[in-house]
Amino acid sequence: MGGCSKGPKALGIAAVIRYTPPLNFRRKIKTMNLLQTLEAEQMAALKTQKKAMPDFRPGDTLKVNVKVVDVTFDEKTKQNKTRERIQAFEGVCIARQGAGLNEAFTVRKLSYGEGVERVFPIYSPLVDSVVVVRKGKVRRAKLYYLRGRTGKSARISERVENAGPEAA
């Protein structure tokens, strides 16, 4: 007999007796709700601190400003010196994955003929800002097929936003 081995039918008991799930099953549901509420609170706190993240989709060309921390050791004073600068990473967003605090996006660019991909968490303190340079028109959620393409075959056409009947 196939199916779940813990239900009343699998035990051979008549369907009159109701099957009650174990207590730890109920606790798991409460824990998930607790985790979701904590995650929502953290996201709200992070959104107030940072600038708003623009709406973007896979296929859009993004300019991600990343904080880079340089640590050098000074021989004279025998101390570590930290210097922070902002570095731009511009490329095509090829994927968005995750949800909530764990949400991230992947940006791909060509650097000296070599493809470079970086995954940026949306709520990372190292991501200073994200600017949408160009909106791309694609029909997929994951653009991993761009990895094998270069030149004209890797181009993405531009998406034109409709403003409504007043735009005509």
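Every read-out reported here was derived from the displayed coordinates using simple, explicitly stated rules and does not represent laboratory data. Everything numeric in this text was worked out from a predicted model, so none of it was measured. Every residue, glycine as well, gets a Cβ built from its backbone with ideal geometry; the counts of neighbours run over all protein chains shown.
List the residues whose amide H sits under 5 Å from the amide H of Ser129, counting only those 5 or more places along or on another chain, with H placed 1.01 Å from N in the peptide plane.
Asn65
Quick one, can you get me the convex hull of the C-alpha atoms of the stretch 118-168 expressed as volume per residue in Å³?
161
If one computes the Cα centroid of the stretch 106-168 and of the stretch 52-80, what distance in Å separates the two points?
Measuring centre to centre over Cα atoms gives 20 Å.
Under 5 Å between amide hydrogens, which residues at least 5 positions from Gly136 or on another chain qualify, with H placed 1.01 Å from N in the peptide plane?
Asp60, Thr61, Arg159
Local charge sum around Arg147 (other residues, Cβ-Cβ under 9 Å, Lys/Arg +1, Asp/Glu -1)?
Charge balance in the 9 Å sphere: +1.
Taking the Cα atoms of the stretch 61-149, what is the range of coordinates along each of the three principal axes, in descending order and whole Å?
Per principal axis, max minus min of the Cα coordinates gives 58, 35, 20 Å.
Just give me a number: lysine pairs in the stretch 61-149, eight or more positions apart or cross-chain, with C-alpha atoms less than 25 Å apart.
Lysine pairs meeting both conditions in the stretch 61-149 amount to 10.
Only counting other Cβ atoms within 10 Å, I'd like Phe89, Phe105, Phe73 sorted with the fewest neighbours first.
Phe73, Phe89, Phe105
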